[in-house]
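Below: one structure, written as structure tokens.
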Amino acid sequence: MKTMSIQKEWLDFLREQYPVGSRIKLREMGSDDPCPIKPGATGTLQYIDDMGTFFVAWDNGRGLGLVIGQDSFTVSPPPLQTLKLYMPLTVGYYVNEDGCGWSDEEYTMGASEAVGCAPQIINALRSEHRWLENAGPEEMERGLMAYYDELDGVERKVQSYWLTAEVRDGRLWGVAECRVRGELTPDELQALKDDVEGQAADGLGENFEQRGIRIGDEQEVYVHLWQSEGWSIQTEQERFGPEQAQDGPRQVQGGLELA
């Protein structure tokens with residue numbers, strides 16, 4: 001397999017157009033490898049090296065690379081995958097005091113009580129997104145990513161994200177469910193987290209926390225996806241990975257966070 005030098009601009013273009021995880025289908029190998037991959041073989045792109053060689057993990061177990069101009073192949077975008085970003089949320093509530101009206105003070109609900117309200121909270125979050133139905137086809141397809149205002153890797157790789165909630169380890173979490181094509185770099189992941197935080201604090205989350213969710217006849221709850229203290233946003237691995245379990249319980253706003 002012969003290699004040649006390649007301009008950095010062209011190399012950057014290739015890596016942007018064909019991200020890691022893209023699917024490769026071989027038409028024909030033009031190199032003089034003594035044991036070539038057979039036409040029609042498929043595999044997954046692992047990386048493109050500095051010479052522009054496409055290194056492929058072939059489905060048959062081999063690892064032979066391909067060179068543009070020598071080998072004939074097609075590249076399909078990597079499949080969409082779900083990336084979940086978890087954030088602590090708090091549930092406040094007001095009580096109906098002896099039928100004389102709702103209390104002025106907001107109380108903070110315990111973890112187990114909040115879990116019991118999960119179905120109503122998740123349904124309310126879904127309803128909060130329904131205003132997008134009147135905003136146009138892009139908003140319907142991309143959710144809150146339609147309002148991302150940078151032309152960068154996040155814009156290209158993240159097709160959509162929506163805010164919801166999920167019970168995990170005995171606690172109710174706020175979740176940004178993101179549909180991603182390819183792998184995000186550390187900088188891209190941080191940019192996505194920053195955007196989600198903005199929506200949780202000042203965007204959809206700010207509107208949502210002002211809408212009471214009725215729980216039965218005697219209680220009304222208000223969900224806060226963001227707090228000024230004790231708040232962070234993390235991937236599933238960062239939040240619940242083995243290294244977190246070794247650390248044991250951590251103190252967060254609203255009680256103990258059980259790793």
For segment 195-228, which positions are in a strand (DSSP E or B) and either β-branched (Val, Ile, Thr) or more than 18 Å from Thr164 (Cβ to Cβ) (or both)?
Ile213, Arg214, Ile215, Gln219, Glu220, Val221, Val223
Only listed residue being open to solvent by less than 60 Å² (accessible area, probe 1.4 Å), more than 12 Å from the chain's Cα centre (by Cα) and more than 27 Å from Gly116 (Cβ to Cβ), chosen from Glu155, Glu141
Glu155
What's the total number of residues in segment 38-91 that are closer than 20 Å to Leu14 by Cβ, assigned to a loop (DSSP other than H, G, I, E, B) and open to solvent by less than 40 Å² (accessible area, probe 1.4 Å)?
6
Here the qualifying pairs (Cβ atoms under 6 Å; residues six or more apart or on different chains; first in segment 122-147 and at pLDDT 85 or above; second open to solvent by 40 Å² or more (accessible area, probe 1.4 Å)) come out as Gly143/Trp162; Ala146/Glu138
With the first residue restricted to segment 9-29 and required to be more than 12 Å from Ile68 (Cβ to Cβ), and the second required to be modelled with pLDDT under 85 and aromatic (Phe, Trp, Tyr), Cβ contacts under 6 Å at 6 or more apart or on different chains are none
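Somewhere in segment 124-131, is a residue within 20 Å of Gln234 (Cβ to Cβ) and either assigned to a loop (DSSP other than H, G, I, E, B) or open to solvent by 10 Å² or more (accessible area, probe 1.4 Å) (or both)?
No.
The values are calculated or read from the model by the stated rules, or taken from the named source; none is laboratory data. Every value quoted in this text rests on a predicted model; they were computed, and no experiment measured them. Cβ coordinates were reconstructed from backbone atoms using ideal geometry, including for glycine residues, and neighbour counts include every protein chain displayed. For accessibility, only protein heavy atoms count, side chains too; no ligands or nucleic acids. Shrake-Rupley method; radii C 1.70, N 1.55, O 1.52, S 1.80 Å.
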